[in-house]
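Here is the structure we will look at, set down as structure tokens.
The values are calculated or read from the model by the stated rules, or taken from the named source; none is laboratory data. This one's a predicted model, so the numbers in the text were calculated from it and none came from an experiment. Because the Cβ atoms are built from the backbone with ideal geometry, glycine has one as well, and the counts that use them run over all protein chains shown. Surface accessibility is based on the protein's heavy atoms, side chains included, excluding ligands, DNA and RNA. Shrake-Rupley method; radii C 1.70, N 1.55, O 1.52, S 1.80 Å.
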Amino acid sequence: MQDDQKKTTHFGFKEIPTDEKVQAVANVFHSVAAKYDIMNDLMSGGVHRLWKRHTISQSGVRAGNKVLDIAGGTGDLTLKFSRLVGSEGQVILADINDSMLKVGRDKLANHGVVGNVKFVQANAEALPFPDNTFDCITIAFGLRNVTDKSKALASMYRVLKPGGRLLVLEFSKPESEMLSQVYDHYSFRLLPFMGKVIANDAESYRYLAESIRMHPDQETLKGMMDEVGFERTSYQNMTGGIVALHKGFKF
Ligand SMILES: C[S@@+](CC[C@H](N)C(=O)[O-])C[C@H]1O[C@@H](n2cnc3c(N)ncnc32)[C@H](O)[C@@H]1O
């Protein structure tokens, strides 16, 4: 294929060749991995913990279940799931990025989690698991980084068991114009500044802010889930729609 015919996609607000996005996203997460948890707490004022707690409460996960936490990163959800599924169950923390996986593995070991958690390096677009494997799949703040989101959702649908549920926790579209303006100011000015001061990495945090704006809004994402086969899809806005939790089932 000629260069000028090459397919492109967005990387934040930039347009780049589609086949370069995975590497561009990888560079961001290699760069932020070591400071990821502390930055999460600082940037959200700790509120990401409430969003994640709510996600767990909506998961329906019980002892003995098999859970996939895709784009699981440093393992916040995996840690909670590992306690819920117990010794009869299993949680797989899958992530494309080995730096994030390493931070996650060390953190879970420090919390005494052993035995029922497995770490797998995988791309959400091509999950390396058999059909109908998981009772629950979560992807938290991961989907917006994936190049082909529909392909990833279809891959999640395939590996979910009939009766299982998918939960997508992601930044979304604020419900009010006023909140939107305040949030824009925060994410485009304050976020890169905090990234520079705390992690010496303004660029990565600028990408994070831009990628949030480029992510499909609540209704669009729900439609994408419907399209690949999820049923009874719904979403709940949190913090005025800054974040939304989408839910869908496979029957
Ligand atoms: C913002 S972090 C979220 C980590 C964790 N889920 C959380 O909520 O704290 C996004 C994660 O998505 C991962 N990621 C990006 N693209 C991916 C892909 N195509 N497949 C799997 N993981 C991906 C990154 O490596 C990173 O660890």
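Is it the case, given these coordinates, that Arg105 is assigned to a helix (DSSP H, G or I) and under 25 Å from Glu125 (Cα atoms)? Yes: the conditions hold for Arg105. Exactly one residue among Leu50, Leu68, Leu42 is of a type outside the set (S, T, N, Q), at pLDDT 95 or above and open to solvent by 30 Å² or more (accessible area, probe 1.4 Å), and that residue is Leu50. Consider Asp184 carefully, then state whether it is modelled with pLDDT under 95, surrounded by fewer than 17 Cβ atoms within 10 Å (Cβ to Cβ), of a type in the set (D, E, K, R) and out of contact with any His (no Cβ under 8 Å at 6 or more places or on another chain). Answer is yes for this residue.
A search for C-beta distances below 6 Å between a residue of the range 61-78 that is within 19 Å of Ala154 (Cα to Cα) and any residue that is more than 6 Å from the ligand (Cβ to nearest atom) and part of a loop (DSSP other than H, G, I, E, B), counting only pairs 6+ apart in sequence or on different chains, returns Val67/Val61. Please tell me if Ser87 is in contact with a Cys (Cβ under 7 Å, 6 or more places away or on another chain) and either polar (S, T, N, Q) or not in a helix (DSSP H, G or I) (or both). Spelling it out, it is not the case that Ser87 is in contact with a Cys (Cβ under 7 Å, 6 or more places away or on another chain) and either polar (S, T, N, Q) or not in a helix (DSSP H, G or I) (or both). Here Phe119 clears all of (1) in contact with a Leu (Cβ under 8 Å, 6 or more places away or on another chain); (2) of a type in the set (A, V, I, L, M, F, W, C); (3) crowded, with 22+ Cβ neighbours inside 10 Å except the condition numbered (3). Is one or more of the residues making up the range 52-61 at positive phi and more than 13 Å from the ligand (Cβ to nearest atom)? Scanning the range 52-61, I find at least one residue that is at positive phi and more than 13 Å from the ligand (Cβ to nearest atom), so the answer is yes.
Can you name every residue in the range 64-77 that is assigned to a loop (DSSP other than H, G, I, E, B) and either closer than 25 Å to Val146 by Cα or within 16 Å of the ligand (Cβ to nearest atom) (or both)?
Applying the first criterion (assigned to a loop (DSSP other than H, G, I, E, B)) to the range 64-77 yields 64-65, 71-75.
Across the range 64-77, the qualifying residues are Ala71, Gly72, Gly73, Thr74, Gly75.
Taking (1) open to solvent by less than 40 Å² (accessible area, probe 1.4 Å); (2) farther than 29 Å from Glu15 by Cβ in turn, Val197 satisfies each apart from (1).
Of all residues in the range 198-223, those that are acidic (Asp, Glu) have Cβ atoms under 7 Å from Cβ atoms of residues that are in a helix (DSSP H, G or I), 6 or more apart or on another chain, in Asp201/Ser31; Asp201/Val32; Asp201/Gly195.
Do we find that Lys80 is within 12 Å of the ligand (Cβ to nearest atom) and open to solvent by 60 Å² or more (accessible area, probe 1.4 Å) in this structure? Walk me through how you get there before you give the answer.
On the way: within 12 Å of the ligand (Cβ to nearest atom): yes; open to solvent by 60 Å² or more (accessible area, probe 1.4 Å): yes.
Criteria met by Lys80.
Any residue that is out of contact with any Lys or Arg (no Cβ under 8 Å at 6 or more places or on another chain) and away from the ligand (no atom under 13 Å from the Cβ) - is there at least one of those in the range 160-173? For the range 160-173, residues out of contact with any Lys or Arg (no Cβ under 8 Å at 6 or more places or on another chain) and away from the ligand (no atom under 13 Å from the Cβ): present. Summed over the range 130-158, residues that are within 13 Å of the ligand (Cβ to nearest atom) and open to solvent by less than 30 Å² (accessible area, probe 1.4 Å) total 15. For Ser99, work out the one condition from (1) within 20 Å of Pro162 (Cβ to Cβ); (2) in a helix (DSSP H, G or I); (3) of a type in the set (Ser, Thr, Tyr) it doesn't fulfil. If we test Ser99 against (1) within 20 Å of Pro162 (Cβ to Cβ); (2) in a helix (DSSP H, G or I); (3) of a type in the set (Ser, Thr, Tyr), just (1) comes out false.
For the residues Arg165, Arg206, Arg189, Arg158, the requirement of being part of a helix (DSSP H, G or I) and at pLDDT 95 or above singles out Arg158. Annotation note: Cβ proximity below 7 Å between a residue of the range 114-134 that is in contact (Cβ under 8 Å) with a residue 24 or more places away in the chain and a residue that is open to solvent by less than 30 Å² (accessible area, probe 1.4 Å) and more than 15 Å from the ligand (Cβ to nearest atom) (sequence gap 6+ or interchain) occurs for Asn116/Val85; Asn116/Gly89; Phe134/Leu160; Phe134/Gly164. Taken together, Val113, Val85, Val91 contain a single residue that is more than 10 Å from the ligand (Cβ to nearest atom), open to solvent by less than 30 Å² (accessible area, probe 1.4 Å), at pLDDT below 95 and among the β-branched types (Val, Ile, Thr), which is Val113.
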